[in-house]
Amino acid sequence: MNELDQLTRFRDTVPPGVTPRAEHLFRTGLEADHHPERPARSWPPQRLSWRPAWRLGVAASVAAALVAGIIVAIQPSAQPALTAQLLADRASAAALAQPMVNPGQWVYRVTESYRPDPPAGVPTTATGADWETADGTAFYGGHSQTGAGDGDFPDYSQLASLPGNPAALDAYLERTGFEAGAARDLQVMSAFNQIEGMLTNYVLPPALEAEMYQALAALPGIQVDSHVTVVDGRAGVAFVLPPTSQSIELALILDPSTYAFLAEASGLHDRWSVEQAVVRTVIVAGPGSTQPSLTPPTAAERLAELADNAYSEFLPQTQPLTNYLQYIGPGTWMLRQLATSSGDQTVWATADDSEQASYVNGKLEVCSRTAACARSTQWLMPAGPAYTLVNPPFPPGKPPLAHQPPALPSFPPQLLAALNAYATGCTDVAGDCNAVAAIATMDTGYVNRGIAPPASFLALADVPGVTVAHVTDLTGQADVALRFPFTNGVTEILFNANSYVVGYVRDGIETVITKEVPVTGPGSLTPVGR
């Protein structure tokens with residue numbers, strides 16, 4: 001059956017009395033089928049707001065078929081036996097009814113997970129809550145998403161380039177999961193895992209989410225289980241992939257009434273060995289909030305999200321310091337070359353800035369915080385929280401841990417209040433000036449790569465009057481700056497294209513880190529591990 005025949009069949013089965021909106025959607029789908037050159041919709045390209053352009057991804061002919069099928073799914077004339085295609089149509093209808101969510105929008109999730117044989121000290125069933133952006137680039141909370149069937153899946157920035165119809169999408173995902181010539185069931189398993197990963201880890205554009213469900217239904221061997229019980233006791237209906245030579249049964253479970261995502265699982269037919277259910281999902285304005293909000297992030301908030309992610313455990317391999325992280329401890333000596341408005345400097349300092357060294361009149365002078373020379377030393381971290389608060393030592397023992405080390409607050413408002421208590425020389429003490437100066441020096445005076453100061457970048461975006469500007473720093477590099485309306489102190493923090501802090505402007509003097517590498521000791525130019 002060709003696409004036009006399928007559209008006609010869908011249209012003939014639409015019951016009388018469909019809503020005007022449904023009729024409009026159907027006709028729009030038909031028109032789109034004859035206008036494949038229709039321009040793509042796009043969202044702002046900002047991982048400095050981080051979103052590449054998004055074409056609302058479903059091929060026009062597929063969109064038309066989806067919409068027509070959705071009308072049938074919403075107002076059926078009878079209760080047909082549930083098939084994978086019918087479940088996909090209903091799930092697609094539910095997806096298309098959802099609002100478009102900005103990729104940088106924060107999502108609050110409460111999850112419940114089940115693992116029958118967890119590691120020692122970890123409960124079989126655990127409940128957690130976290131905040132994550134819709135594109136998965138920034139995360140806050142104590143319960144990471146460890147999906148039952150998730151494998152590698154496309155990065156959010158790659159979604160715009162995915163094939164625009166379900167069959168082509170399946171073929172693409174099958175190819176990317178295994179090398180050519182792999183067993184067919186393994187290729188299908190790969191496609192299922194990748195679709196599941198995108199549905200569970202992102203809040204997708206509605207049209208792409210609809211396409212994902214259609215792609216699930218098109219997978220060879222896919223089945224439906226109409227009577228599934230989720231770990232928290234709710235009833236569900238599931239897309240089920242039978243066992244393969246390298247996996248047991250995999251399931252993606254939906255609510256049988258709303259067709260919203262409920263859980264993912266793997267195991268043997270409703271006796272799951274691993275399962276994670278989403279108990280609650282709320283689109284919110286930022287981490288720490290549980291109140292619904294669709295207000296998109298500002299440019300400053302989006303830059304802060306990107307910076308937070310850049311300092312997380314997923315470090316870009318292009319960052320030179322990445323190769324040395326395994327060698328760095330609090331007492332590791334770091335060589336920093338600084339370009340400043342008042343001249344270039346070379347400074348050696350420990351990763352925790354407890355000792356510093358530089359050449360003065362041709363002589364290397366080393367000073368510790370406790371020595372008499374400390375008063376006359378221009379410290380990289382002149383005022384602010386101790387290194388142990390920024391990077392708390394990992395507590396010994398097995399979870400659950402009875403004694404957690406002291407740490408900075410986890411959310412922006414509380415963090416700003418805590419950092420404003422440090423005296424950094426600001427006169428605008430009511431405008432978060434001390435907090436901004438403390439964050440700027442934390443991120444250039446300590447070595448925090450891989451261990452982000454809790455909420456520090458998001459806290460910067462909460463400073464009243466902050467703006468974003470594209471600038472060229474004194475080294476000629478194109479940067480993005482957060483600018484603050486202070487009369488003194490730190491008035492700009494500079495980020496490079498990878499969203500790393502590279503410098504700041506304090507009291508009108510710009511400082512840019514041009515080199516940062518661990519070395520064997522003060523005065524040394526020999527990198528650690530070389």
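The values are calculated or read from the model by the stated rules, or taken from the named source; none is laboratory data. Because the structure is a prediction, the values reported are computed rather than measured. Neighbour counts are summed over all protein chains in view; Cβ atoms, including those assigned to glycine, are modelled from backbone coordinates with ideal geometry.
Could you please find all residues in the stretch 344-391 being of a type in the set (Asp, Glu), over 22 Å from Gly489 (Cβ atoms) and not in a strand (DSSP E or B)?
Going through the stretch 344-391, the residues of a type in the set (Asp, Glu) turn out to be 344, 352-353, 355, 365.
Within this subset, residues satisfying the condition of being over 22 Å from Gly489 (Cβ atoms) are 344, 352, 355, 365.
Asp344, Asp352 - these are the residues of the stretch 344-391 that are of a type in the set (Asp, Glu), over 22 Å from Gly489 (Cβ atoms) and not in a strand (DSSP E or B).
Results for (1) of a type outside the set (A, V, I, L, M, F, W, C); (2) buried (at least 18 other Cβ atoms within 10 Å of the Cβ); (3) over 14 Å from Phe153 (Cβ atoms), shown as yes or no for each residue.
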residue	(1), (2), (3)
Leu204	no, yes, no
Tyr213	yes, yes, yes
Leu216	no, yes, no
Ala235	no, no, yes
Applying the selection to the stretch 450-488, what residues are surrounded by fewer than 20 Cβ atoms within 10 Å (Cβ to Cβ), in contact (Cβ under 8 Å) with a residue 40 or more places away in the chain and within 20 Å of Leu338 (Cα to Cα)?
Leu474, Thr475
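Just checking, does the stretch 439-459 include any residue being in a helix (DSSP H, G or I) and in contact with a Phe, Trp or Tyr (Cβ under 6 Å, 6 or more places away or on another chain)? I'd like the intermediate steps shown before the answer.
Taking the stretch 439-459 as the starting set, the residues that turn out to be in a helix (DSSP H, G or I) are 439-445, 456-459.
In the following step, the residues that additionally are in contact with a Phe, Trp or Tyr (Cβ under 6 Å, 6 or more places away or on another chain) were identified as 440.
Yes, the stretch 439-459 has at least one match.
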Of these, Thr491, Thr511, which one is farther than 28 Å from Leu364 by Cα and either among the aromatic types (Phe, Trp, Tyr) or surrounded by 20 or more Cβ atoms within 10 Å (Cβ to Cβ) (or both)?
Thr491
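Counting just the residues of the stretch 237-263 that are assigned to a loop (DSSP other than H, G, I, E, B) and over 27 Å from the mean Cα position of the chain (by Cα), which one comes out surrounded by the most Cβ atoms within 10 Å (Cβ to Cβ)?
Filtering the stretch 237-263 for residues assigned to a loop (DSSP other than H, G, I, E, B) gives 242-243, 245-246, 248, 255-260.
Adding the requirement that they be over 27 Å from the mean Cα position of the chain (by Cα) leaves 242-243, 245-246, 248, 256-257.
Details: Pro242: 15, Pro243: 15, Ser245: 8, Gln246: 12, Ile248: 16, Pro256: 18, Ser257: 10.
Checked the stretch 237-263; the qualifying residue surrounded by the most Cβ atoms within 10 Å (Cβ to Cβ) is Pro256.
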Over the stretch 502-524, the set of residues out of contact with any Leu (no Cβ under 7 Å at 6 or more places or on another chain) and outside any strand (DSSP E or B) is Asp507, Gly508, Thr520, Gly521, Ser524
Kindly indicate the residue of the stretch 410-438 that is within 26 Å of the chain's Cα centre (by Cα) and modelled with pLDDT under 85 and also nearest to Glu355 (Cα to Cα) among those meeting that condition.
Ser410
List pairs: first residue in the stretch 160-186 and surrounded by fewer than 16 Cβ atoms within 10 Å (Cβ to Cβ), second residue at pLDDT 95 or above and of a type outside the set (Phe, Trp, Tyr) anywhere in the structure, Cβ distance under 6 angstrom, at least six positions apart or on different chains.
Ala167/Ala218
